[in-house]
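Below: one structure, written as structure tokens.
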Amino acid sequence: MALLKLEGVTKRFGGLVANSNVSFKVEEGEILGLIGPNGAGKSTLFEQITGFYPPTTGRILFRDRDLVGLRPDQVNWLGIGRTFQKVRPFLGMTVIENVMVAAMQHERDPQKARREAAGFLEIVELADKAGADARALSIGERKRLEMARAMATRPRLLLLDEMTGGVDQRTIPMLLQLIARLRSEQGLTLVVIEHNMRVIMSVSDRIVALHLGEVIADGPPSEVVKERRVIEAYLGDAFVVPTVGDGTGFTGGTGR
């Protein structure tokens, strides 16, 4: 049984079709990359999986339970966490307090929630910033804070929306290693939206490509990047397939 299964998911906003008959599965323990040009419907798909938007038609199954009609907090309680493309920490609160807010969904004792939050900050390498005001963090640090908050809700499936967007290039290898550790050490299944093809090729077991709301490819990264429809819609003919042999996989070209 797949951990997550989308069956014919379509989302319309009036005359605009954001997703059209999207179907794919995410297996337990997998890292799935989700790519496509701006406006392809990637983030809209995340919004539907997590209950912010209901699909117009179709089903979204998590552990064989239909999520359609559930609120975001109910979806999160079932075991789906997410980060957002635009990071919005709770300003005026410390870094550890930001994570405590999420941890207290499952742990009502403030002291235990603080200890849990401290553990997640260790995982994302922000323990030294625990007492700092969240507004003082860099973009890269805020991205990692988002990951810690999402993990504090105890997900089995974690959706990451452009974790490297706006991040200093020098910190990207550390983020790649962190994503890999979330699976190997925390046992998470991940779906990752990412425009940086060096990143997505490095971390993904499989890639689903979207264009104009439709799935145009689904398969191993090395095969998807050679698909003519993916090249025409997203990568461009000048795309160079990244190499992945340096330990981080962070070499090669990017999509457009």
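The values are calculated or read from the model by the stated rules, or taken from the named source; none is laboratory data. Everything quoted here is computed from the prediction, not taken from an experiment. Neighbour counts run over all protein chains shown; Cβ positions are idealised from the backbone, glycine included.
When the stretch 187-234 is examined, which residues are found to be at pLDDT below 95 and within 13 Å of the chain's Cα centre (by Cα)?
Within the stretch 187-234, 194, 195, 199, 200, 203 meet the criteria.
Of the residues 203, 215, 191, which is out of contact with any helix residue (DSSP H, G or I) (no Cβ under 9 Å at 6 or more places or on another chain) and hydrophobic (A, V, I, L, M, F, W, C)?
Only one candidate passes the filter, namely 215.
Can you find a residue that is in contact with a Leu (Cβ under 9 Å, 6 or more places away or on another chain), aliphatic (A, V, I, L, M) and in contact (Cβ under 8 Å) with a residue 40 or more places away in the chain anywhere in the stretch 70-79?
No, because not a single residue in the stretch 70-79 is in contact with a Leu (Cβ under 9 Å, 6 or more places away or on another chain), aliphatic (A, V, I, L, M) and in contact (Cβ under 8 Å) with a residue 40 or more places away in the chain.
Provide a single number: the residues in the stretch 155-179 that are free of Cβ contacts under 8 Å to residues at least 60 places away in the same chain and within 15 Å of the chain's Cα centre (by Cα).
Looking only at that region, the number is 3.
Among the residues of the stretch 88-103, is any acidic (Asp, Glu) and more than 27 Å from residue 51 (Cβ to Cβ)?
Within the stretch 88-103, not a single residue is acidic (Asp, Glu) and more than 27 Å from residue 51 (Cβ to Cβ).
Surrounded by 15 or more Cβ atoms within 10 Å (Cβ to Cβ) and of a type in the set (S, T, N, Q): does that describe residue 19?
yes
Identify, by number, the condition in (1) among the aliphatic types (A, V, I, L, M); (2) closer than 30 Å to residue 226 by Cβ; (3) under 15 Å from the mean Cα position of the chain (by Cα); (4) crowded, with 18+ Cβ neighbours inside 10 Å that residue 150 doesn't meet.
With (1) among the aliphatic types (A, V, I, L, M); (2) closer than 30 Å to residue 226 by Cβ; (3) under 15 Å from the mean Cα position of the chain (by Cα); (4) crowded, with 18+ Cβ neighbours inside 10 Å applied to residue 150, the lone miss is (2).
Filter the stretch 156-171 for residues that are in contact with a Leu (Cβ under 9 Å, 6 or more places away or on another chain), part of a loop (DSSP other than H, G, I, E, B) and either surrounded by 20 or more Cβ atoms within 10 Å (Cβ to Cβ) or of a type in the set (Val, Ile, Thr) (or both) and give the result.
Passing the criteria: 163, 164, 167.
(1) touching a strand residue (DSSP E or B) at 6+ places or on another chain (Cβ under 9 Å); (2) surrounded by fewer than 18 Cβ atoms within 10 Å (Cβ to Cβ); (3) within 30 Å of residue 3 (Cα to Cα); (4) among the hydrophobic types (A, V, I, L, M, F, W, C): which one isn't true of residue 174, the others all being true?
(1)
Kindly provide the set of residues from the stretch 20-60 that are within 22 Å of residue 197 (Cβ to Cβ) and either touching a helix residue (DSSP H, G or I) at 6+ places or on another chain (Cβ under 9 Å) or part of a strand (DSSP E or B) (or both), ordered by number.
Passing the criteria: 22, 24, 26, 30, 31, 32, 33, 34, 35, 36, 37, 40.
Looking at the stretch 202-237, which of its residues are part of a loop (DSSP other than H, G, I, E, B) and either charged (D, E, K, R) or surrounded by 21 or more Cβ atoms within 10 Å (Cβ to Cβ) (or both)?
204, 205, 213, 225, 226, 227, 237
Going by the conditions given, is residue 75 modelled with pLDDT of 95 or more, touching a Phe, Trp or Tyr at 6+ places or on another chain (Cβ under 7 Å) and part of a helix (DSSP H, G or I)?
no
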